[in-house]
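Structure first, then comments.
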């Protein structure tokens, strides 16, 4: 008989939401079209801020700030990757550098790094940046 550990099914923690953000990268790392406006192809797009000209702003080389519509209790998890041709000299893997989800204006800042040197680098023109944020909204009763 197999151990119970072999059959563990993880369920989401109560009071959490997972936000999916995708955008096309333009020349020199510019934020292109945000994909999934008004909820299509993005489960919780309505929770991304519309207060700024764009809910995602490039703030430096390979660095993007994602604004949220409202503060959250906590950031539980994140993932940031790119979809595009493999290249060691462009930003491929995103690292969280600022977690400001608990105060207004709520945001996270993610920097993409080169595979070869680990230095900050813009994703390639035409890449799609995919960011997933798992956030805690409230304490369950």
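The values are calculated or read from the model by the stated rules, or taken from the named source; none is laboratory data. Given the structure is predicted, the values throughout are model-derived calculations rather than measurements. Here the Cβ positions follow ideal geometry from the backbone for every residue, glycine too, while neighbour counts run over all protein chains shown.
General observations
- Subset tally (residues that are loosely packed, with under 14 Cβ neighbours inside 10 Å and under 15 Å from residue 22 (Cβ atoms)) for region 97-141: 1
Residue-wise test of (1) in contact (Cβ under 8 Å) with a residue 60 or more places away in the chain; (2) in a strand (DSSP E or B).
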residue: 80; (1), (2): no, yes
residue: 92; (1), (2): no, yes
residue: 95; (1), (2): no, yes
residue: 111; (1), (2): no, yes
residue: 124; (1), (2): yes, no
residue: 129; (1), (2): yes, yes
residue: 134; (1), (2): yes, yes
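- Residue match in region 64-87 (condition: at pLDDT 90 or above, loosely packed, with under 11 Cβ neighbours inside 10 Å, closer than 25 Å to residue 136 by Cβ and more than 11 Å from the chain's Cα centre (by Cα)): no
- Looking only at region 67-78, residues that are part of a strand (DSSP E or B) and either in contact (Cβ under 8 Å) with a residue 60 or more places away in the chain or within 21 Å of residue 24 (Cβ to Cβ) (or both) come to 6 in all.
- Selection from region 16-52 of residues that are in contact with a helix residue (DSSP H, G or I) (Cβ under 8 Å, 6 or more places away or on another chain), buried (at least 17 other Cβ atoms within 10 Å of the Cβ) and at pLDDT below 75: 36, 45
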